[in-house]
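The values are calculated or read from the model by the stated rules, or taken from the named source; none is laboratory data. Bear in mind that the values here come from a model prediction, so they are computed numbers and not experimental data. Cβ atoms come from the backbone with ideal geometry, glycine included; neighbour counts cover every protein chain shown.
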Amino acid sequence: MAVSKIRKISSWVLILCTVITLVILGLFFFGGDNEPYKGEMWNPVYVDLLLYWQYILFAISAFAGVLFAAWQFTSSFKNDPKGGLMGLGVIVLFFAMLFLTYTFGSTTPVNVLNSEAQAYNVPFWLKITDMWLYSTYILTGLVILAVIAGSVKRIITK
């Protein structure tokens with residue numbers, strides 16, 4: 001009973017997030033162009049809405065990830081201390097990846113359009129940006145490898 005309830009709730013949350021994302025993407029692509037840049041470059045009206053939605057999804061995902069990782073660590077550490085430490089090891093590896101990708105980040109200033117953006121054209125923010133980009137690439141690659149490995153394992157075990 002509980003599994004079906006969890007599945008039902010997660011399905012509705014996924015559908016809701018997908019619908020909101022499609023509406024926001026529709027507004028972004030078809031909502032018009034800001035007047036100051038008309039003709040010079042494409043500057044959609046709803047860029048801020050799209051960015052805020054991404055921030056919200058990221059914050060919810062990060063909070064849920066940390067919360068569930070801590071919950072899994074405490075529950076598995078009670079039953080199986082070795083398995084609990086494995087879960088803690090994954091969290092430590094994640095933060096090690098963030099640290100390494102931050103150190104690999106470039107500090108070369110970027111040519112930006114306006115003076116307001118120059119405040120973020122400093123080594124700290126440049127390295128943070130590179131950290132998130134490199135981490136995204138690494139995690140995307142790991143997800144693809146996990147999907148392939150899961151498919152191969154399922155084919156082999158059949």
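List every residue pair whose Cβ atoms sit under 9 Å apart, with the two residues 6 or more apart in sequence or on different chains, where the first one lies in segment 44-63 and is outside the structural domain of Ser135 (by TED's automatic domain parsing) and part of a helix (DSSP H, G or I) and the second, anywhere, is of a type outside the set (Val, Ile, Thr) and modelled with pLDDT under 90.
Val47/Asn34; Leu49/Gly31; Leu50/Pro44
Out of (1) closer than 30 Å to Ile24 by Cα; (2) over 14 Å from the mean Cα position of the chain (by Cα); (3) of a type outside the set (Val, Ile, Thr); (4) outside the structural domain of Phe30 (by TED's automatic domain parsing), the odd one out for Leu93 is which?
That leaves (1) as the condition not met.
Do any residues in segment 65-94 that are closer than 21 Å to Leu139 by Cβ have Cβ atoms under 7 Å from those of residues that are surrounded by 12 or more Cβ atoms within 10 Å (Cβ to Cβ) and β-branched (Val, Ile, Thr), where the two are at least six apart or on different chains, and which pairs are they?
Going by the 7 Å Cβ cut-off, the qualifying pairs are Ala69/Ile91.
Of the residues in segment 67-106, how many are outside any helix (DSSP H, G or I) and loosely packed, with under 11 Cβ neighbours inside 10 Å?
0
Among (1) loosely packed, with under 10 Cβ neighbours inside 10 Å; (2) touching a Lys or Arg at 6+ places or on another chain (Cβ under 7 Å); (3) not small (Gly, Ala, Ser), where does Glu40 come up short?
If we test Glu40 against (1) loosely packed, with under 10 Cβ neighbours inside 10 Å; (2) touching a Lys or Arg at 6+ places or on another chain (Cβ under 7 Å); (3) not small (Gly, Ala, Ser), just (2) comes out false.
For segment 19-29, does any single residue satisfy the condition of being touching a strand residue (DSSP E or B) at 6+ places or on another chain (Cβ under 9 Å), outside the structural domain of Met131 (by TED's automatic domain parsing) and not in a helix (DSSP H, G or I)?
no
Okay, residues lined up against (1) more than 30 Å from Met41 (Cβ to Cβ); (2) among the polar types (S, T, N, Q):
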residue: Phe73; (1), (2): yes, no
residue: Gly83; (1), (2): yes, no
residue: Leu88; (1), (2): yes, no
residue: Phe104; (1), (2): yes, no
residue: Tyr120; (1), (2): no, no
residue: Thr129; (1), (2): no, yes
residue: Ile144; (1), (2): yes, no
